[in-house]
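Down below is the structure, laid out as structure tokens.
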Amino acid sequence: MRRILGKSYFNSEFFKNSFILSIGTVVAQVIPLLFYPLLGRLYTPEDFGLLATLTSITVIIAVLSSLKYDACILITETKQDGANVIGLILTISFFLLFIIFVVLELFSNQISVWFNSPNLSKLLFVCPLTAYAIIIFNNYNEWCVRNKYFSSLSWNKIGNSGASTLSKVFFGIIKVSSNGLIIGDLLGRTVIAVRSIYDALRKDSEVFLNITFIRMVQLSIRYKEFPKYTLSGALLNNLGGQLPVLLIGLYANSTELGYFAMTMSVLAAPVSLIGFAVKDTFRQRANEDYIRKGECRNIFINTSRVISILTLIGFVPLVFILPFLFRVFLGEQWIIAGEYSQILSPMIALSFITNTVSGVLIIVEKMRLYFLFQIYYFTISAASLIIGFSAFNSMKMTLVCYAVGMSSVYLLEMYLSYKYSDSKQIK
């Protein structure tokens, strides 16, 4: 590995920052993995299906209410401007989420019917609350990336994973409510959101206390392209990502949805061990390179090479034993999820490589192209699932269609990221 990449790569600040984040991300991903055998026995596939539906709604409204201004925290010119952008986001999202809360409560019964989930109507209030906690957490993460607080970012990832997982286990054991999985998820996210606020003020109280309304308005205008193009693109991205949950709930049932949700959760854990850590440091380093040299192709190629090698070494052998692992660690009721994991694993491996070096289009501010790509992503995601259910009426064949379609999306994203990583290619 050292011969392939060169000694300078392993001695670089980029590698050191990636290593720090990798340690935190490894621990953060190992925590739920350790407790999945217990969670798989404390809760049913239907419980996981309900949580997946609520999470899908939450993710979508979190993106909508932030207006995607969080994407420009990294590229703000000064630390003070970054803090003002965060103040802008938290203010706007608070009021938008209140409006969404009212709408969800007014139409809760109808929404429950749409998603084929009778219990959903009583739990929709959780979505805006969880969304605000997610927004706070994501903003703090962006703040850490911008200011190279990689150690804090690493600890924050661990705290988020630990709080959420332990809360779910706790409520599953005491059985104070049949919705322990949902309550535990909300409590865990709230705890880490509060910790994020505390940590941000502890490090940079002077900067955050100097946030002004006038500067927030000025920055909202300065970065108006982000709500215009990035928001719509991010919404399409999240809608495309959540479509499997929404359409499986519509075409199948909560049990099948639970199998799919567990499959994606378990598969996402190992591929995220290094991927998300490298992604954060990649974006920071790529942004620096682009500002200084007008290109970030070298760091793009080197990072892609490392992740591809790690994927081949670690992921390929795992595919053949996935059903066995699901049965042993989660219990007999999750065997079907193990079969689904084999179908989706090549797609997950490709997404791992691609997502690690994503963000180039944002760094070079190609917002319109980013938006067009998200249209393609959403279209392929929806079409592959609808075609699968309509043509085959089989969950497994539907997942095959979805895996093939999404693989084409990731390959296109990789190509666009490579092309625009050099300013000479930007016309």
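No lab work stands behind these numbers, since they all come straight from the coordinates. None of the values given here were measured: they were computed from a predicted structure. As a convention, Cβ positions derive from the backbone with ideal geometry for all residues, glycine included, and neighbour counts pool all protein chains shown.
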| query | Once both labels are modelled 7 Å past Cα along the beta-carbon direction, what's the ILE321-VAL113 spacing in nm? | reply | 5.0
| remark: Only helices counted: for the chain, with every DSSP H run of 4 or more residues adding -39500 (n - 2.57) and the sum spread over all residues, [θ] at 222 nm is -28000 deg cm²/dmol
| field | Whole-number D in µm² s⁻¹ for the chain, Kirkwood Cα-pair radius fed into Stokes-Einstein, 10 °C, 1.306 mPa s | value | 71
| Pairs LYS293/LYS419; LYS157/LYS228; LYS79/LYS228; LYS148/LYS224; LYS148/LYS419; LYS168/LYS279: which exceed 18 Å Cα-Cα? | LYS157/LYS228; LYS79/LYS228; LYS148/LYS224; LYS148/LYS419; LYS168/LYS279
| query | What translational diffusion coefficient, in µm²/s and rounded to a whole number, does the Stokes-Einstein relation yield for the range 282-416 at 37 °C and a viscosity of 0.692 mPa s, taking the hydrodynamic radius as the Kirkwood radius over Cα pairs? | reply | 195
| Rounded to a whole number, what is D in µm²/s for the range 157-247 from Stokes-Einstein with the Kirkwood radius over alpha-carbon pairs (20 °C, 1.002 mPa s)? | 129
| message | Could you tell me the center-to-center distance, by alpha carbons, between the range 357-411 and the range 289-310 in angstrom? | response | 24
| So how do 408-421, 55-68, 200-213 stack up, highest first, on mean other-Cβ count within 10 Å? | 55-68, 408-421, 200-213
| task | Report the relative contact order of the chain, percent, no decimals, based on alpha-carbon pairs under 8 angstrom and at least 6 residues apart. | result | 22
| Say each of VAL102 and THR379 gets a label point 7 Å from the Cα, pointing the same way as Cα to Cβ; how far apart are those two points in nm? | 3.7
| said: Looking at the chain as a GNM with Cα springs under 10 Å, which of GLY240, GLY294, GLY172 has the largest mean-square fluctuation? | reply: GLY294
